[in-house]
Amino acid sequence: MNNIITLCPVKNEARVDSRLLAGHLGIQHKNALELIDKHKNNFEELGRVAFQTRPFETNGGVQKQRIALLNEDQAYLLLTFSRNTPQVVDLKVELVKAFSRFRREQQTEADYLPYYHELHGQVKALADLAHQCGSTTSERLFHINIDRLINDAFSLESGQRHDLPGHLRAKVTAANVIAKELLEEAITNGDDHKAAYQQVKSGIIAFANAGTGIKRAKVAA
């Protein structure tokens, strides 16, 4: 069986598609829905069951299919109505991993955004200062350059931050903090925007390379 279980967020809550569960259980999807409908009161003790209608293609054209998006507890409840075969046990293990992974990613995202916004608040202050000194560079370009600087330091493409693994997202979050503090220090010291940018660049590159240096030292040892 394909061990990768993909969850989908419903109002920031992780849900698993009943079609996916049916496939892993080796049963027809309509049978999974029958179980959910039969024991709907039990399922809804664990939260509202999110039923949706999705289109799917057949030889006769596009038809509609009713599905259920189950939360973590509801997914495990569905499994209790199946015999505890090795296949079901494996599915339980993969569900635990999938929901745990989702929670880690959500927490990482929650940790990332506040520091990202703080950094760009400081970038705006830098742009305002530059404009007061006669710079005609648009504020938008200041924000783009800071993001690009951090992306380049970690060899990231534009738009890639949403799909980063947790450990790399944590490093980028730390880089946001470092960049914000360096900008704040530069403004306090009266540096112009070009000098401030160079300080941030040096600090971020040094931070990004620090991990590589540690790894090389371990290999050499």
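Rule-based calculations on the coordinates, nothing more; no lab input. On a predicted model such as this, the values are computed, not experimentally measured, just so you know. Note that each Cβ is placed from the backbone with ideal geometry, even for glycine, and that neighbours are counted across all protein chains shown.
Shape summary: region 8-82 maps onto an equivalent ellipsoid whose semi-axes, from the alpha-carbon gyration tensor, are 21, 15, 11 Å in decreasing order. Calculated on the Cα set of region 112-221, radius of gyration then Dmax: 14.9, 53 Å. Against the chain, whose longest principal axis comes from its Cα atoms, helix 193-220 is set at around 60 degrees. For region 45-120, the spread of Cα coordinates along the three principal axes comes to 53, 37, 26 Å, biggest extent given first. Considering only the Cα atoms of region 127-170, their convex hull presents on average a projected area of 3.8 nm². Across region 70-76, coupling constants 3J(HN,Hα) worked out from phi with the 6.51/-1.76/1.60 Karplus curve, θ = phi - 60°, read 9, 7, 4, 5, 5, 5, 5 Hz, and Gly and Pro carry x. Couplings 3J(HN,Hα) for region 93-102, derived from phi with the Karplus relation 6.51 cos²θ - 1.76 cosθ + 1.60 (θ = phi - 60°), are 5, 5, 5, 4, 5, 5, 5, 5, 4, 4 Hz, where x marks Gly and Pro.
Other residues within the sphere of radius under 15 Å centred on the Cβ of residue 138, judged by their own Cβ, net out at 0 (K and R +1, D and E -1). In the elastic network of the chain, a GNM with C-alpha springs shorter than 10 Å, the most mobile of 64, 171, 194 is 64. Going by neighbour counts of Cβ atoms within 10 Å, the residues 29, 39 line up, fewest first, as 39, 29.
Among 89, 123, 172, the largest mean-square fluctuation in a Gaussian network model of the chain (Cα springs under 10 Å) belongs to 89. Per residue, the convex hull around the alpha carbon atoms of the chain comes to 199 Å³. Using C-alpha pairs below 8 Å separated by at least 6 residues, the relative contact order for region 8-82 is 35 percent.
Maximal additional length on extending the residue 30-residue 46 stretch stands at 3.6 nm, based on 0.36 nm per residue less the C-alpha distance.
Estimated from the Cβ-Cβ distance and a Förster radius of 45 angstrom, the FRET efficiency linking residue 157 and residue 38 is about 0.40. In order along region 112-118, phi translates into HN-Hα couplings of 6, 4, x, 6, 5, 5, 4 Hz, rounded to whole numbers, per the Karplus curve 6.51 cos²θ - 1.76 cosθ + 1.60 with θ = phi - 60° and x for Gly and Pro.
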